[in-house]
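Asks: To start, I am sharing the structure in question, which I have written as structure tokens.
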Ligand SMILES: Cc1cc2nc3c(=O)[nH]c(=O)nc-3n(C[C@H](O)[C@H](O)[C@H](O)COP(=O)(O)O)c2cc1C
């Protein structure tokens, strides 16, 4: 694991999200854990802190978990994983375990309760410090077509507690049962 300056790696991180089909947003609360693909995220300074914002629609299984969570992680694969990103961006954790469904492993985070995806990539561990449900009236007309079902996002502001890259997958002991 190599610690990264999360601001320095923004260009690489965003380029990967755009060209590679997204990133994994992982959430957990109690025994519940889920991951879904995200294509939209921002990183910058707010409240004098390094903040990552992710947007989750209320219709996602992820929403019910992140609402009870104190943190989230974002894992940006650097070596493809398009199949897994496609899977986690089209299947719902409501009806299946997506980790076993597409062979994704988790590894413990350094600071967050929520683990990160075991992949070659850039990982962000974020503490939720604020959330804001979008209000329809606040969005300009030009963007309204992005919400034909009126399922507006909730935006979660996560203070970046840890940012690092993993250059190889960690060996995970598979359960024998
Ligand atoms: C490339 C891509 C990007 C996506 N970005 C987002 C996003 O930023 N926010 C969101 O709510 N859903 C996004 N989605 C849709 C969710 O990943 C998808 O609905 C997923 O099945 C939700 O899983 P869940 O029900 O287990 O939470 C994206 C899907 C894809 C394929």
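FYI, it's all coordinate maths here, none of it is from the lab. Worth saying up front: this structure is predicted, and the values here are computed from it rather than measured.
Asks: Need one word for the stretch 16-60: rounded, prolate or oblate. Basis is the Cα gyration tensor (sqrt eigenvalues a ≥ b ≥ c); a/c below 1.5 gives rounded, then a/b vs b/c decides.
Replies: In terms of gyration-tensor shape, oblate.
Asks: Sticking with this structure for a sec: What angle, in degrees between 0 and 90 and rounded to the nearest 10, separates the Cα long axis of helix 10-20 from the longest principal axis of the Cα atoms of the chain?
Replies: 90 degrees
Asks: Another question about this same structure. Run a plain Debye calculation on the chain (Cα atoms as equal point scatterers, no solvent) and give log10 I(q)/I(0) at q = 0.09, 0.16 Å⁻¹, rounded to two decimals, same order as the q list.
Replies: -0.29, -0.97
Asks: Please say if the stretch 32-104 is rounded, prolate or oblate, where rounded means a/c under 1.5 for a ≥ b ≥ c the square roots of the C-alpha gyration tensor eigenvalues, and otherwise the choice is prolate for a/b larger than b/c and oblate otherwise?
Replies: oblate
Asks: Mind running the shape call on the stretch 70-114? Use the C-alpha gyration tensor, a ≥ b ≥ c as the square roots of the eigenvalues: rounded below 1.5 for a/c, prolate if a/b tops b/c, oblate otherwise.
Replies: oblate
Asks: Looking at the stretch 76-177, what % of the alpha carbon pairs are farther apart than 17 Å?
Replies: I get 67 percent for the Cα pairs in the stretch 76-177 exceeding 17 Å.
Asks: Here is a follow-up. Helix-derived [θ] at 222 nm for the chain: sum -39500 (n - 2.57) over DSSP H runs of at least 4, divide by residue count, nearest 500?
Replies: Roughly -4000 deg cm²/dmol at 222 nm, from the helical runs in the chain.
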